[in-house]
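A short write-up of the structure that comes next.
The values are calculated or read from the model by the stated rules, or taken from the named source; none is laboratory data. Values in this document were obtained by computation on a predicted structure and should not be read as measured data. For neighbour counting, all protein chains shown are included, and Cβ atoms are generated from backbone atoms with ideal geometry for every residue, glycine included. Only protein heavy atoms, including side chains, enter the accessible area calculation; ligands, DNA and RNA are left aside. Shrake-Rupley method; radii C 1.70, N 1.55, O 1.52, S 1.80 Å.
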Amino acid sequence: MKIAAIDIGSNAARLLINEIKINNRKPEFIKLNLLRIPLRLGMDVFTIGKIGNEREKMVIDSMKIFSDLMKIYKVDHYRACATSAMRDAANGNDIIRQVQETSGIDIEIISGDEEATLIYENHVAEGLDKEFAYLYIDVGGGSTELTFYENGKMIYERSFNIGTIRLLNNLVTADNWKEMKEEIKQNITSKKPIVAIGSGGNINKVFSMSKTKDGKPMSLSHLKKTYKEFNALSVDERMTKYNLREDRADVLVHALRIFNNVMSWSEINRIFVPKISLADGLIHNMYSQLKDKK
């Protein structure tokens, strides 16, 4: 069985195609292709309230490519979801209609809470140690999702309009940060030690650059040190020194700022970065639903 997931975020759109094979009665998810296109919808939406003509065309053209790739791979099932930028765009529904007409892809807009749940349920829950409480932090271009778990149960879930593209465009106010800090201080508490689980393209990049072994955590002090190093450099200098694309070099420092604040306010000093994404979560969720129908 072949399943595809399309994730249209505020910074980039991704198509993930997996083939699922059963080995010893357990599903094995084999990645056939992953394509990322830096649409940067948030650059328009968070400044002018809608997706501009140039990026609108990019969305429509990208979805045609995604549709063709799914046909080539003979994908059996797919789900396409859009998050913060499309949710906030005045012309979001109009673009979704155009995409349906031009490529046949049905895009659904999901809430920040659903986004966090999709990733958690299908990846994170499996490996949690009951000795700890966990704060799941997903930093995107338009929003940051926080989900807090204790004893394997979700205790708190909240989506904040603090994201890397919003910060890049100076659209996050002191009041936004104050609200986040107060929410964290009030809700993220436990008698057990709390560890963080991070997701999003930026924290994955920081993790790979840190040379930390898979399954091992990064420290808050390492994130703070990395933030300081990046913040002292221009975007061009970051691109040259760390071999980064421009659309990663300009937002990475803002992602680090979010992670540093969230972890400091919740008094967490370690963060695990499993290889998870919304696209992975969508595929696992679809597979679970299809299996249940059988």
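Structure above, values below:
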quantity: Within the stretch 105-123, considering residues that are charged (D, E, K, R) and in contact with a Ser or Thr (Cβ under 8 Å, 6 or more places away or on another chain), the one least open to solvent (accessible area, probe 1.4 Å); calculated: E115
quantity: Top-ranked residue of the stretch 58-83 - restricted to ones that are over 11 Å from T102 (Cα atoms) and of a type in the set (D, E, K, R), ranked as surrounded by the most Cβ atoms within 10 Å (Cβ to Cβ); calculated: R79
quantity: Residue match in the stretch 110-130 (condition: at pLDDT 95 or above and aliphatic (A, V, I, L, M)); calculated: no
quantity: Any helices (runs of 4 or more DSSP H) falling wholly within the stretch 237-294 and containing at least 3 residues that are closer than 19 Å to S159 by Cα; calculated: 252-265, 278-293
quantity: Residue among R87, R55, R79, R14 that is of a type in the set (D, E, K, R), at pLDDT below 95 and touching a helix residue (DSSP H, G or I) at 6+ places or on another chain (Cβ under 9 Å); calculated: R87
quantity: So I258, is it within 19 Å of T164 (Cβ to Cβ), buried (at least 22 other Cβ atoms within 10 Å of the Cβ), in contact with a Phe, Trp or Tyr (Cβ under 8 Å, 6 or more places away or on another chain) and modelled with pLDDT of 95 or more; calculated: no
quantity: Failed item in (1) farther than 30 Å from H77 by Cα; (2) open to solvent by 80 Å² or more (accessible area, probe 1.4 Å); (3) modelled with pLDDT under 95; (4) over 20 Å from the mean Cα position of the chain (by Cα), with K293 passing the rest; calculated: (1)
quantity: Of residues in the stretch 84-104 being under 15 Å from F66 (Cα atoms) and touching a Ser or Thr at 6+ places or on another chain (Cβ under 8 Å), the one most open to solvent (accessible area, probe 1.4 Å); calculated: G104
quantity: Count of residues meeting criterion [charged (D, E, K, R) and under 22 Å from the mean Cα position of the chain (by Cα)] in the stretch 63-79; calculated: 1
quantity: Any hit, the stretch 20-35, residues being among the charged types (D, E, K, R) and buried (at least 18 other Cβ atoms within 10 Å of the Cβ); calculated: no
quantity: Those residues of the stretch 39-57 which are under 20 Å from G140 (Cβ atoms) and loosely packed, with under 13 Cβ neighbours inside 10 Å, in sequence order; calculated: I48, G49
quantity: Criterion violated by G49 - all others in (1) on the phi > 0 side of the Ramachandran plot; (2) more than 22 Å from the chain's Cα centre (by Cα) satisfied; calculated: (2)
quantity: Filtered residue count, the stretch 73-118, keeping only those that are outside any helix (DSSP H, G or I) and closer than 23 Å to Y287 by Cβ; calculated: 19
